[in-house]
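Peer 1: Before I ask anything, here is the structure I am working with.
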């Protein structure tokens, strides 16, 4: 794609919005050093003054692959530097402004969209206007998704909005994935080592012993582990143990007590209570269901 592409408008039907995500615009443009920004051929629907900024009624996800510049928004106290490999996310109703450095220009990809799916992600705290800028580096898979979206929007075959919605979900998942892993880059090896130790020693390992093996204080280890995995160490160990129990119940005829003991549950009453709380059924009922047998009340 050698020329900037601007799709001024993509029609959305009620069924497109029911899908969860509907795309309004997608494209890219390259602004050379010293060239005006926004360019004169920028879509009139999205034209704005970099000095005065603007407010949109949709989300937009922009990705810079070349050059540098700045980004400002109502939720930020200061302008944020933008460089190659930077995502910035625009929120509906949020004032913002951005521009390339006149010395470098930049190349930007964007996709504009709306829908309940993104609204729910924002409501649940996955994305927020207070953290709109993320540096993830230059990633070929991200560029490929934008280019796929541009071609899909250009051709506008039947069902193209649903395909575009899927590409938006993929882009947002990569934004989340790369930003999370970059934030934990210094401790990722330790947390992954902890997960390996749990997989190998889930029957006997304790959270405190795990922290000791990693030469970390327990409080710090617990905090970092939970931020990284979404589970406390104790909860993660229990999840691994339960997954072993479920696997054995489904794929073997071993007695339930033996399965529980081999997974690390020495207290039979605690095991049955925990299993029922997690699955909503007894171990025998779970075995009969997953082995395709007629379920009976036990």
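Peer 1: Looking at 244, 276, can you tell me which residue is closer than 30 Å to residue 191 by Cα and touching a helix residue (DSSP H, G or I) at 6+ places or on another chain (Cβ under 6 Å)?
Peer 2: The conditions single out 244.
Peer 1: Could you list all residues from the range 55-84 that are loosely packed, with under 15 Cβ neighbours inside 10 Å and part of a strand (DSSP E or B)?
Peer 2: Listed by number, the list holds a single entry, 81.
Peer 1: I need a count of the residues in the range 140-173 that are under 18 Å from residue 230 (Cβ atoms) and either surrounded by 16 or more Cβ atoms within 10 Å (Cβ to Cβ) or touching a helix residue (DSSP H, G or I) at 6+ places or on another chain (Cβ under 9 Å) (or both).
Peer 2: Here is the first cut: in the range 140-173, the ones under 18 Å from residue 230 (Cβ atoms) are 172-173.
In the following step, the residues that additionally are either surrounded by 16 or more Cβ atoms within 10 Å (Cβ to Cβ) or touching a helix residue (DSSP H, G or I) at 6+ places or on another chain (Cβ under 9 Å) (or both) were identified as 172.
Within the range 140-173, residues that are under 18 Å from residue 230 (Cβ atoms) and either surrounded by 16 or more Cβ atoms within 10 Å (Cβ to Cβ) or touching a helix residue (DSSP H, G or I) at 6+ places or on another chain (Cβ under 9 Å) (or both) number 1.
Rundown of residues vs (1) more than 17 Å from the chain's Cα centre (by Cα); (2) in contact (Cβ under 8 Å) with a residue 24 or more places away in the chain; (3) not assigned by TED's automatic domain parsing to the domain that holds residue 72, yes/no style:
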{"position": "136", "(1), (2), (3)": "no, yes, no"}
{"position": "158", "(1), (2), (3)": "yes, no, no"}
{"position": "161", "(1), (2), (3)": "yes, yes, no"}
{"position": "172", "(1), (2), (3)": "no, yes, no"}
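Peer 1: For the range 235-255, state whether one or more residues are surrounded by 14 or more Cβ atoms within 10 Å (Cβ to Cβ), more than 26 Å from residue 197 (Cβ to Cβ) and assigned by TED's automatic domain parsing to the domain that holds residue 221.
Peer 2: No, that holds for no residue.
Peer 1: Now for a different question. Looking only at residues that are surrounded by 11 or more Cβ atoms within 10 Å (Cβ to Cβ) and over 20 Å from the mean Cα position of the chain (by Cα) in the range 190-200, which one is modelled with the lowest pLDDT?
Peer 2: Per the criteria, the residue is 190.
Peer 1: Another question, if that's okay. Any idea which of (1) assigned to a helix (DSSP H, G or I); (2) touching a residue at least 24 places away in the same chain (Cβ under 8 Å); (3) surrounded by fewer than 14 Cβ atoms within 10 Å (Cβ to Cβ) is the one residue 122 doesn't satisfy?
Peer 2: Unmet condition: (3).
Peer 1: May I pose another question? Buried (at least 17 other Cβ atoms within 10 Å of the Cβ), at pLDDT below 95 and over 27 Å from the mean Cα position of the chain (by Cα): does that describe residue 26?
Peer 2: Taking the combined requirement at face value, the residue does not satisfy it.
The values are calculated or read from the model by the stated rules, or taken from the named source; none is laboratory data. Predicted, not measured: the structure shown is a model, and the values here were computed from it. All Cβ positions, even for glycine, are placed from backbone atoms using ideal geometry, and neighbour counts span all protein chains on display.
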